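The values are calculated or read from the model by the stated rules, or taken from the named source; none is laboratory data. Note that the structure is a prediction, hence the values are computed from the model and not measured. Neighbour counts run over all protein chains shown; Cβ positions are idealised from the backbone, glycine included. In case anyone asks, the SASA skips ligands and DNA or RNA and just uses the protein heavy atoms, side chains included. Shrake-Rupley method; radii C 1.70, N 1.55, O 1.52, S 1.80 Å.
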Amino acid sequence: MDAIILQILNGLDKGSAYALIALGLTLIFGTLGVVNFAHGALFMIGAFCSVTLSRLLSLSYVTEDPTQKDFLGNPLKVETPYLESWFGPEFGGALIDWSVPLAILFSIPIMILVGLVMERGLIKHFYKRPHADQILVTFGLAIILQEIIRGFYGANPIQTPAPDALAGVASIGGALGLEIVYPMWRMVYFCFSLLVIGGVFAFLRYTTFGMVVRAGMADRETVGLLGINIDKRFTIMFAIAAVVAGWAGVMYAPINAPNYHMGMDFLVLSFVVVVVGGMGSLPGAVAAGFLLGILESFASWEKIKVFDGLDQIIIYLVAIIILLTRPRGLMGKKGVMED
């Protein structure tokens, strides 16, 4: 039982990232009708927002400490972070330690700007073009963005630690008499993903802006005839989808050291999640993300692994089976991408 629960937790951890990225993909496709292959790059940029803020907060200057000597008897040179010098070692050190959670706020204007530039500068010209054209141009944009990141940050993964208070493991299952320990930050990531997903659904369901967007997704022309600038609202939704993808990357940085190709690694899997859940279905994208994450986790379990590499292909095998039996996916709607 301990092992089974542990595999479920691992699956929810992976599924959280899949669900967040797939949610943003579905928001863009449902509102703008664009198949955005550059969405994985937004996830990558979010992860590097964590890296960037961590480096900025850790900027330091060198001083000589006369109380400490090197092996030659010279005063030892000590690096002191500016934040610790300005705000004291406790508060300044805490800001440095909590750089990843703080990057959630740091990433918002960056992701909004990137999303707006991407949509207004390029993608808006391909709204009425075939999906094949959209895939080609956004895939090319993704390659450009990842090469820019590699040029600035290098090709090697960059370790971005979680706050010390959340870097250890937590004992769970005590109430059930189970001895299970699990990385605390992975549980934080899962809870964070639920908050973001719940926030997006609440925004679309309970706000006037969200209700207009949902109406526009169902019948864009009629909403436009009512005098509502639906294009402007859809552009804002693109920016929101960029922020969601960025947040997914920000919080994932301590789990998987950011590297320039991590967006591509998640992009293909996330598109499979979207297709399995049903093109244009937000609940389907989220449900499929967690479902496929759990299946991938169990496929890597040594006790039931049929052959090496099963965890790498299980998602695609399940996608084939689901699409053969339900061509529109789990919650897909009639007429979406069927023309």
Options ALA202, ALA239; residue that is surrounded by fewer than 16 Cβ atoms within 10 Å (Cβ to Cβ) and assigned to a helix (DSSP H, G or I):
ALA202
When only residues in the stretch 178-211 that are among the aliphatic types (A, V, I, L, M) and modelled with pLDDT under 85 count, which is nearest to TRP247 (Cα to Cα)?
VAL181
In this structure, does GLY73 turn out to be crowded, with 21+ Cβ neighbours inside 10 Å and not aliphatic (A, V, I, L, M)?
no
Got a sec? Which of ARG129, ARG186 is open to solvent by 30 Å² or more (accessible area, probe 1.4 Å), within 28 Å of PHE234 (Cα to Cα) and either part of a loop (DSSP other than H, G, I, E, B) or of a type outside the set (Asp, Glu) (or both)?
ARG129
Counting only residues that are out of contact with any helix residue (DSSP H, G or I) (no Cβ under 6 Å at 6 or more places or on another chain), under 19 Å from VAL286 (Cα atoms) and of a type in the set (A, V, I, L, M, F, W, C), how many does the stretch 24-65 have?
1
Quick test of your reading of the structure: ASP13 fulfils all but one of (1) open to solvent by 10 Å² or more (accessible area, probe 1.4 Å); (2) more than 26 Å from PRO109 (Cα to Cα). Name the failing condition by number.
(1)
Filter the stretch 224-233 for residues that are part of a helix (DSSP H, G or I) and open to solvent by 70 Å² or more (accessible area, probe 1.4 Å); which is modelled with the highest pLDDT?
LYS232
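Residue-wise test of (1) buried (at least 17 other Cβ atoms within 10 Å of the Cβ); (2) in contact (Cβ under 8 Å) with a residue 60 or more places away in the chain.
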| site | (1), (2) |
| --- | --- |
| ILE180 | yes, yes |
| ASP219 | no, no |
| THR222 | no, no |
| THR235 | yes, yes |
| MET262 | yes, yes |
| ASP265 | no, yes |
Restricting attention to the stretch 140-159, report how many residues are surrounded by fewer than 18 Cβ atoms within 10 Å (Cβ to Cβ), in a helix (DSSP H, G or I) and in contact (Cβ under 8 Å) with a residue 40 or more places away in the chain.
3
If the requirement is being open to solvent by less than 40 Å² (accessible area, probe 1.4 Å), among the hydrophobic types (A, V, I, L, M, F, W, C) and assigned to a strand (DSSP E or B), which of these qualifies: ALA170, ALA162, ALA103?
ALA170
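How many residues does the stretch 36-58 hold that are open to solvent by 10 Å² or more (accessible area, probe 1.4 Å), touching a residue at least 60 places away in the same chain (Cβ under 8 Å) and farther than 11 Å from SER270 by Cβ?
The qualifying residues number 2.
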When residues of the stretch 242-268 are limited to those that are in a helix (DSSP H, G or I) and at pLDDT below 90, the one farthest from SER50 (Cα to Cα)
VAL268
